[in-house]
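The numbers here are math on the coordinates, done by the rules we state, and not lab data. Here the structure is a predicted model, which is why all the values come from computation and not from measurement. Neighbour counts are summed over all protein chains in view; Cβ atoms, including those assigned to glycine, are modelled from backbone coordinates with ideal geometry.
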Ligand SMILES: NC(=O)c1ccc[n+]([C@@H]2O[C@H](COP(=O)([O-])OP(=O)(O)OC[C@H]3O[C@@H](n4cnc5c(N)ncnc54)[C@H](O)[C@@H]3O)[C@@H](O)[C@H]2O)c1
């Protein structure tokens with residue numbers, strides 16, 4: 001894909017899927033702005049992206065905090081210019097049966113996964129409208145489409161991101177901004193590794209890999225490749241869609 005001259009902001013771009021998206025969009029020629037809690041990891045990722053020959057910058061920020069998100073976006077704008085592309089990627093998860101969870105845990109999941117999506121979209125959309133168009137891709141999840149045991153609240157937050165993205169796609173089409181989601185199945189990242197206690201997690205993942213028609217857990221690059229398509233001109237007539245990236249695990253119609 002050719003993204004030369006484009007600028008992409010990625011929340012949670014310091015590691016995992018967000019980092020793979022940053023590296024991929026950079027290879028396609030985009031300048032990359034990373035908004036992440038983790039300053040150190042973000043700085044390392046920025047160096048790796050700059051080594052590919054494109055501009056990159058990081059801004060520390062917590063997407064659960066509206067003012068902090070706006071300040072971080074302003075910092076990225078100073079460094080790189082306004083965004084053409086926004087990737088709402090930052091998210092958290094922890095597997096636990098619903099009856100064993102607490103309202104504080106629900107509030108944290110909702111704050112990062114859904115309010116964070118609202119905050120970063122609200123901070124960036126006016127800049128994209130002013131720029132005359134763009135593309136937003138947000139990280140939903142297969143779990144938010146089919147439900148997952150141990151992820152009752154997480155599933156709700158991801159369903160909310162996917163539903164709001166469709167509504168946003170309708171509002172922003174007139175501004176030439178396309179809004180889509182990817183819904184990954186299990187992808188090998190620190191988040192996935194931290195879902196369960198190590199030995200139990202290994203057994204669950206072996207069983208899940210066996211259920212996947214392609215017989216493997218995904219890697220961050222599997223998601224990044226689809227995101228690169230969705231933000232490119234090749235997807236110019238595609239908006240309001242949710243694309244599962246899961247080796248055929250759910251095959252939702
Ligand atoms: N890994 C999977 O199996 C999987 C599957 C489906 C969907 N997803 C979604 O993909 C996205 C990325 O997941 P990942 O596996 O790469 O996770 P990860 O934990 O490896 O990376 C998440 C990044 O987000 C940042 N972050 C977390 N909270 C933040 C906050 N409040 N403000 C700013 N940054 C914050 C972290 O510092 C980290 O760099 C998430 O939205 C996740 O829900 C992941």
- Fewest first, what order do 145, 174 take by the number of other Cβ atoms within 10 Å? 174, 145
- Under a Gaussian network model of the chain whose springs join Cα atoms within less than 10 Å, the largest fluctuation of 186, 213, 83 belongs to 213
- Projected onto their principal axes, the Cα atoms of the range 7-245 stretch, largest extent first, over whole-Å spans of 47, 37, 34
- Item | Stokes-Einstein translational diffusion, the range 142-192 - Kirkwood Rh over all Cα pairs, 1.567 mPa s, 4 °C, in µm²/s | 106 µm²/s
- Query: If the range 193-234 were replaced by its equivalent ellipsoid, with semi-axes equal to the square roots of 5 times the Cα gyration tensor eigenvalues, what would those be, largest first, whole Å?
  - Reply: 28, 13, 5
- Sorted by Cβ density within 10 Å, fewest first, the residues 196, 122: 122, 196
- Message: Order these by the 10 Å Cβ neighbour count, fewest first: 234, 93.
- Response: 234, 93
- GNM on the chain, C-alpha springs below 10 Å: top fluctuator among 96, 197, 233? 197
- Message: Contact order normalised by length for the chain, with contacts defined as Cα pairs under 8 Å and 6 or more residues apart; what percent is it?
- Response: 20 percent
- Return the whole-Å distance between the Cα centroid of the range 192-253 and the Cα centroid of the range 106-129. 22 Å
